[in-house]
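Asker: Got a structure for you, questions after.
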Amino acid sequence: MSTSLSEINVVPLVDVMLVLLIIFMVTAPMMQQGLQVNLPQSRRSSAVTAPPVYVTIPATFGRTQRLQIGTDEVAAEEVGIEAIGERVKQALLTRDDKSVFLRMDMTVTAQDFTTVMDRLKEAGVEKVGYMTQPPTR
């Protein structure tokens, strides 16, 4: 009488999992992207010295109601207007300086700007710096 061997071969499963891991490791950095914003120009711009908290209003804000918040472009995350107050509170929780730098596309309407400013003030932001860029000649 012969006995049958009923073991599962896991080698193909491990091979597939390693291939998937490599695919995700290669594609994950490509999926992080910032928002393209054309800042308005100003002759009286000054450089930022401290690592600020940025809130970015993209040109698509009127349609999507989505902003970007973060300390720089790499660590920024996209959030909806309804959540911006809580996210700003979290970002400013450990800081003494309760200020935020607001970057917005030059095509954003005054109403969209005012809506975001109201949400920032409701979140406890004491100062809002408006970001511009020097004019190009």
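The values are calculated or read from the model by the stated rules, or taken from the named source; none is laboratory data. These numbers come from a predicted model, not from an experiment. Because the Cβ atoms are built from the backbone with ideal geometry, glycine has one as well, and the counts that use them run over all protein chains shown.
Asker: So which residues in segment 1-45 are at pLDDT below 75, more than 24 Å from Ala110 (Cβ to Cβ) and among the hydroxyl-bearing types (Ser, Thr, Tyr), if there are any at all?
Answerer: Ser2, Thr3, Ser4
Asker: When you scan segment 79-92, do you find a residue that is part of a loop (DSSP other than H, G, I, E, B), among the hydrophobic types (A, V, I, L, M, F, W, C) and under 20 Å from Leu39 (Cβ atoms), even just one? Before the answer, list the steps.
Answerer: So the first thing to find is which residues in segment 79-92 are part of a loop (DSSP other than H, G, I, E, B), and the list is none.
No, segment 79-92 has no match at all.
Asker: Can you work out which of the residues in segment 74-115 that are of a type in the set (Lys, Arg) and over 26 Å from Ser42 (Cβ atoms) is surrounded by the fewest Cβ atoms within 10 Å (Cβ to Cβ)? First the steps, then the outcome.
Answerer: From segment 74-115, those of a type in the set (Lys, Arg) are 87, 89, 95, 98, 103; that's our starting set.
Subsequent filtering for residues that are over 26 Å from Ser42 (Cβ atoms) retains 87, 89.
Numbers: Arg87: 18, Lys89: 14.
That would be Lys89.
Asker: Give the number of residues within segment 80-115 that are among the hydrophobic types (A, V, I, L, M, F, W, C) and either in contact with a Ser or Thr (Cβ under 6 Å, 6 or more places away or on another chain) or free of Cβ contacts under 8 Å to residues at least 24 places away in the same chain (or both). Give the derivation first.
Answerer: To start, the set of residues in segment 80-115 that are among the hydrophobic types (A, V, I, L, M, F, W, C) comprises 81, 83-84, 88, 91-93, 100-102, 104, 106, 108, 110, 113.
Next cut, either in contact with a Ser or Thr (Cβ under 6 Å, 6 or more places away or on another chain) or free of Cβ contacts under 8 Å to residues at least 24 places away in the same chain (or both) only: 83, 93, 110.
The total comes to 3.
Asker: I'm checking my understanding of the structure. Among residues of segment 116-134 that are part of a helix (DSSP H, G or I) and free of Cβ contacts under 8 Å to residues at least 40 places away in the same chain, which one is surrounded by the most Cβ atoms within 10 Å (Cβ to Cβ)? Don't jump to the end; show me each part of the working.
Answerer: Applying the first criterion (part of a helix (DSSP H, G or I)) to segment 116-134 yields 116-122.
Filter again for free of Cβ contacts under 8 Å to residues at least 40 places away in the same chain, leaving 117-119, 121-122.
On the way: Met117: 17, Asp118: 12, Arg119: 19, Lys121: 12, Glu122: 12.
For segment 116-134, the residue satisfying everything is Arg119.
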